[in-house]
Each structure stands twice: as C-alpha cells, then as structure tokens.
Amino acid sequence: MLTVAPWVCRSCVRSLKHAGVSQFLRRASTAAIPGGLPSSLLERARKITVEHDQLNAELATNFDEKIARRAGEIAKIATAFKDLEKARASLTELESLIQSDDEELRELATDDLASTTAELASLGRNLSLALTPKHPFADMHCLLEIRPGPGGTEGRFFADSLFHMYEKYCANKGYRTRVVKHEASDNDGHKGSDGEIALQEAVLEVLEPGAYQAFRGEAGMHRVQRVPVTEVKGRTHTSAVAIWVLPSFPETGGADMERDVENPESDFYIDPTEVRTETMRARGAGGQHVNKTESAIRLTHIPTGTTVSMQDSRSQSANRVSAWRILRSRIAQQRREAREELARSLRSSVLSQSQITRGDKIRTYNYQQDRCTDHRTGLDVHNIPNVMAGGEMLDKVMASVQTWLAERDVQAVLADEEAAEAAEGKQAVAK
Amino acid sequence: MPRLQPSLFWRARRISPFATFLLRACRDLQSVKNELRWISEHVSQAAPAFSPRSFPYKTRMWQLCERRARGEPLQYILGTQPFGELDIRCRPGVLIPRWETEAYTLELSRILIDEISSEKKQPMRILDVCSGTGCIALQLYSQLQPSCPSLHVRGLDISQEAISLARENVVHNALVQNPGKQTIRFLHGNIFNPSDAVRDALYLSQQSDDTAKWDLIISNPPYVSNRSFSRDTTRSVRNFEPKLALVPNHTHNDTSEDIFYARLLDLSKTLRPKRMLFEVAGMEQALRVVRMIFLQQPSLSSPAMRTSEKGEAGKELHRDLYTVVQIWRDDPSVQQQHAARESEKDEVVTVEGREITVKGDGKVRSVYFVGGDSFNQFGWSSVTGRG
C-alpha cells in the first residue's frame, strides 16, 4: 500500500504531524447555538433552574428566610429559562408537523413557525440579560483615551483618525461628547491624508449613561496597515494606537456619586496627600508683577506613578478639575484591572490563556484591502471609509465585540463557580 | 532677557506662520501652541462664517498675533480671562485678574460656605476694596449665592473705567440679583478721601440694623513699590497694564507700598469687620502687614502717636484681638510640597511673639485674619479711644 501512495514533500508530512492546521483557523468563538445563545449560558441557566426547583421544594416543607431570598434572586432566570425551554419544545414539535402528510396541518405549522422563532429570539435575549453579570462601571459615562504607539508620525496621524472616528460614531449614535484633551505632538506641522494632525494624546468624554459598557470592548491596541502620506516608495507601514476606556463620573453627579469620591472604600477615592500638583510657576515675584497665560497643570499620583497633565483650557482651575477627573478614572480602572487579574489567576489556566489584555492587538484596519478585522471575534468587515466615519460598519464590529464580551463574562462566572465547587469538594474530602 | 535661538523660530514657523509672532511674547513653543489655539478659537468664534483658509480669517489672525508679539497681554487681545467658573471681561486700563487671586478667592469662598452652614442665617456683607474688573466680588457672589439667602457684595474702586467694566461683568456673567436679598454693586470712590456716598456705603449707615457689620473686607490693592515696578515686573505688565492698579500713589515717588494696608487697617478700627484678606507681594510685605495688624500702627498718623501705641500692654491686647491670623501662599488649598517639609505640622513664622501659620504651596500671596469676640464686641473704640 505504501508504494501506491503519491509522493509527498517531507516537510509537509512533518507539519502534518504537529497538527498545525489549527493555526490557519480563526478563533471564532460564537458557536452556533439554539435560540442564539452561547452554550455556556444555557448550561448555567439549566443549573440555576435546577437549584431553583430544589430551593422551592425545600421552602414548601420549612420556610427559611435565607433560602427564600436566594430563590427570589434566581426566580427570574429560572422562569426565563423555562419559557425558553417551552418555546424550544414547541418549535421541535412544529418542525415535526411540517414533515407530516396532512397539508392543512403543514400550513398551520408554517404559519406558527415564524412567530415561534421570533418569540424564541426574544426569550433568548431575556435570558442572556438575566444571566450576564453586570460590570460595576457599566452605567457610567466613559473617557476614551487615545495614544499613538511607539514609532513615527504615521501612528500619530492614525491616532487622530481614530479620535475623529469615535467622535463621528458618537454623533451618529446621538451620544453627547466633550473633547477633554486634544494635544498635537511637538515635532512638525505636517498634515495627514485627511488633514489629520500628529496627535500626542487625546481624551474624549462620552456623556451618556452606559457609555462605559458600550465602549468597554474598544480598549486595546488598534493596528493600522496602510501606505502613509510621508512614504515615498509606496511601502505599507504597520503602526499601532492604544485606546484606553476609563469610567468617569458625570460632572453633576448625584449625591451617591459625590459620596463615592469621598469614600475611601471606593475605587475612585484618591487621598489628596498622595497626589503631587505641579503648575508652571512664573519666574520672579508673581502676583501683580507678572501676567502669564500658561495654565498647564500636572498631577502625579505618587504610589502608582500615574501622571496627568492638562493645558487645554485658559483657566487653571478648569484644567485642574479635568486633570483630577482623568486621574480618578485612571486609578479606578487600574484598581479594577488589578482585581480582575487576581480573580483570573484563581481560575483554570485554559480560560486565562484566552484572555485578552490591554497590551494585545484587538483590531486591524487594513486600508489596502479595505478591511477591518476584529481579532477577538474574528469578524471581518469591508468598507474602511464607512468604518472611519463611524458608520454602521463600525457599529457592526462593536456589536460583535459586545456579544463576545458578554459570553466571556459568563464563562468567567462559570469558571469561578467550578473553582468554588472544587474547593468545597476538597474540603469535604479533608473532613 | 536671554536671546532666543534661531532654531526655535524655524520650529515655530513649521507649526504656523503666526507662531513666529507669538514666540516673541511667549518664548517657548508649548505656550506658543496654546496661545495660537486660543487665538484661533477666538477668531473662529467671532466670525464663524469664515473658514480658517479664507483671507479675512488670516488677516484677523495676523492682526491679533502681531499685537501679541508687541507684548500686549493675551487677555486684552481676547477681551476675557476665565476666573473660576466666571468669564471676566478685560480691557486696557483695568488690571487683568491673576490666577493667584483666583486661587485664594476660591479658598476663601469655601471657608465662608462652611461658616455659613454653621452660623445662623444672617445677612452676609462683603466689601471688595480696589475691585478692578470686579473679579473677586463677582466670584464670591456667585459662589456664595446658592448657600446664602441674604448676601450683599460691594465693590469700590477709584477708576471710573474699572467700575463700568465691573458692572459690565455682572451682566456678562448673567448673575441673578434679588433686590433687598442678594445684591452686588460697584461704587466709584477714593478710599483715602471718601465722598459722602462712599462714606455711607462704607459705614453701612443706610442699614436699619445698627449692629450691621462687614463679614469680610477683601482687597487686592496696588502693592508694588516704585523700585519693584521698574525691576521685577514683566514688560507686558509694565507697558500695558495700568500703573494706577499696581503702584500706590504712583505720581509721587516717596510713599510706601504699604499705604493701602495701613489705610484699610485704620478703617477696620471703626468698621470692625469679621474677616479681612489682603493680597501681598511676598513674605516680606506679608510680615510687615501682620506686624501692622498687631501694632495697629497707623502709618498716616504722627510719629509721636506711633511710639505711644508701641507700649507693651497695648501690643499684648492687639495681638489677641484676632483669633486667626494666617499667611497664605499661591495655592492655599494644597499641602506644601517642599522637599524640606517633612513634619506633619504646619509651617509657622513668629511675629511679635505670636506664631503665624503659613498655609499652602508656592509664593506668599495673601494675609488672612479673623477678629475675635473681643474685637467684634468692644472693638477698637474701647481700646484706643477712637470712634
């Protein structure tokens, strides 16, 4: 038999041995699920429903406040899951009816099929809403910080393009925005292909409750591949821009927001003695003797070494206020990330490997191929001009990231529960 | 002034042709970029119809940048200066509000708001002497307005130009007044030689309540000495801002730069305000003012009287008339960040046997003092025999 086999290149045989096929596959994580829900979600919902039934049975025999509270908490999920199961059962029934010989019955089934599918979709949405753990900052406004990666002017130009992309996206969506900071870099006055300036750092505030949730998936490195205007030989360059998404307090926050800033337990609390303030001091006597216009201010959070400098406004006090806001947001984000990191280290190693952190590239904008790819969801969209204008293509990408994030959150919760169960099991064995 | 490097001009030229103009006044690229942005924002706000590439826009930019290159303050060119949350109009002939003034005014309004909430609800009266653009008076008024149902702020200035600008600023900042309850007025007058109207306002003679007193007398008077004016002030201040607002009695060369403080303290003997705050040039002047407060040495009176008031008993009494005497630095709200400062205790200086707290960070900028009970009840009339 061996002699009949056609000749195969030796290196190809060797590569087959390593099962290297997987490297050509894109890590698309949205599996095909009944009812448009990830399987992990369904599994979790099933578990919770079983728990709910058990608790109800217990409550029927003897009433306990603790159990009643827990049952109340998960009742919503259980009913949503039961409704979904019912809808799915009726769907399978309908599908079998369609196969039947009776023509009248078949017609009825087709009529019903459409409405049942729609119902199934909405029920699925309900369930996922009930199940998805809510991010603690989800309801907040957000700050989008845009910084070019290391490298030449090209990255700086693209940073400006991204800034305008998000600005336009918010305008299209009807979100209110405010430019907190938009600082050009020092070196020259060149302009990019669309009249972009070389950006040093920009901060865009999205003044919309829930903006943090909407933009959370945008944090990370955004890579661009294009031929820069400054390139004379027509070579494609690759540069990167980092985007950070920080939670921010609304300026006229409610009483609880104010308290949050003052509360030492809160993520947003900063001890004023830990912050060093630097202002551009005029030389000489000051006061009536000089009349300076510099209003720059720099805050340094000493324990973490985080610095924020602001000089956009003519008023120093206005600069100070925005610098404090940005500093608070950055520190809160850092604390949150540190906690998430800790939680991740406790989980199984498989899940933590698939984690995407701040340093990883999350999206590529390829101008030559007119393509924008999100590396987490594996979604490709075309029509780069529409993406850069913050149009529906960008919306599509961001929506796909949202579902990816939600699924990841659920997985994290599942992993946590598994870890807790394993720990309990160990304890039981030890006893 | 050290010469600017030619390379700096080339780099400015690459930013914008206008930047080279601004470099002459700003002297570093970062502030050139900021000022250029503020000027172009101002131009596009004034004429939104013109694009930045159009001829009228560029002409206007050129005009403004050239004025700036000659050293004219940006605040006079743009016509405004932000002051806290307010936008204060500025015009040649009236001193431009400084950020140091803003810092201590904001700190003071925080203190006042705290005290209002602890005190009974009673009318709050604030007097701003040498009000200029009215920035201090307006700032205090707008800060205190929400928490103070009865608030009366008065500004006094010798310059008619300043008074009309201050009145304009009330309208410009859309400050709401409530006749009889919350008012802000500006008066034209000379504090050394008050007219009857000014005297009435100062002594609160129109008030039905006899016990009516000023809760705060605040002043940013001219305090630059003649010598300091020619040595320490920057060119743009010397050439473009009014000397009247900088140097006391600028027509004579012999008067002291502390003359306003002496006059205000003299007035305080009869007015008996609860709190006073004066802006000063630096530590030396601050110490002179504090000493003046303790000795209540009226510089205007005869030398004979001065010696008589320096008596030991009198000094003791005067020193304890005030519950709080503090010297504030540029940033009174922040902790001092000098490397030398390691202990948690506040920095103090000793004047005439009493320890004075020095608050904040930066250069010494103001003197703040609060009268004690004895000061407010018996006042100076019983101590010095003056009425």
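The values are calculated or read from the model by the stated rules, or taken from the named source; none is laboratory data. Small disclaimer: the values here were computed from a predicted structure and weren't measured. Neighbour counts are summed over all protein chains in view; Cβ atoms, including those assigned to glycine, are modelled from backbone coordinates with ideal geometry. Surface areas here come from the heavy atoms of the whole protein model, side chains and all, with no ligands, DNA or RNA. Shrake-Rupley method; radii C 1.70, N 1.55, O 1.52, S 1.80 Å.
For the stretch A:298-344, the gyration tensor built on C-alpha atoms gives a prolate shape. Its axis ratio a/c (a ≥ b ≥ c) is at least 1.5, and a/b is the larger of a/b and b/c. Between residue A:168 and residue A:56, the simple spin-label model (points 7 angstrom out along Cα→Cβ) gives 5.3 nm.
Leaving ligands and nucleic acids aside, the B/A contact buries around 3200 square angstrom of accessible area in total at a 1.4 Å probe radius.
Surface composition of the stretch A:75-214: carbon plus sulfur atoms hold 50% of the accessible area, using a 1.4 angstrom probe and ignoring ligands, DNA and RNA. Interface burial in the stretch B:267-289, defined as at least 20 Å² less accessible area with all protein chains than with the chain alone at a 1.4 Å probe, covers B:281. Here the relative contact order of the stretch A:35-131, from alpha carbon pairs under 8 Å that lie six or more residues apart, stands at 36 percent. Legend: calculated FRET efficiency, residue B:172 to residue A:307, from the Cβ-Cβ distance at R0 = 51 Å, rounded to 0.05, equals 0.90.
Between residue B:124 and B:150, B:151, B:152, the built amide H atoms are under 5 Å apart, and every one of these is 5 or more places off in sequence or on another chain. Here the stretch B:262-295 is scanned for amide nitrogen atoms under 16 Å from the site 7 Å beyond the Cα of residue B:203 along Cα-to-Cβ, giving B:266-273. Once you sort the root eigenvalues of the Cα gyration tensor of the stretch A:49-198 as a ≥ b ≥ c, which label holds: rounded (a/c under 1.5), prolate (a/b larger than b/c) or oblate (the other case)? Oblate. Which parts of the stretch A:406-431 would a label at residue A:47 reach, counting a residue when its backbone N lies under 19 Å from a point 7 Å out along Cα-to-Cβ? Answer for the stretch A:406-431: A:406-429. Counting only protein heavy atoms and a 1.4 Å probe, the stretch B:6-70 has 57 square angstrom of accessible area per residue. Here the 3J(HN,Hα) profile of the stretch B:11-20, calculated from phi with Karplus coefficients 6.51, -1.76 and 1.60 at θ = phi - 60°, is 5, 5, 4, 6, 5, 5, x, 6, 5, 5 Hz, Gly and Pro shown as x. Residues of the stretch B:59-104 that lose at least 50 Å² of accessible area (1.4 Å probe, protein heavy atoms only) when the other protein chains are present, relative to their chain alone, are B:82, B:98, B:99.
How large is the accessible surface per residue of the stretch A:95-252, computed with a 1.4 Å probe and reported in Å² as a whole number? That works out to 47 Å² per residue.
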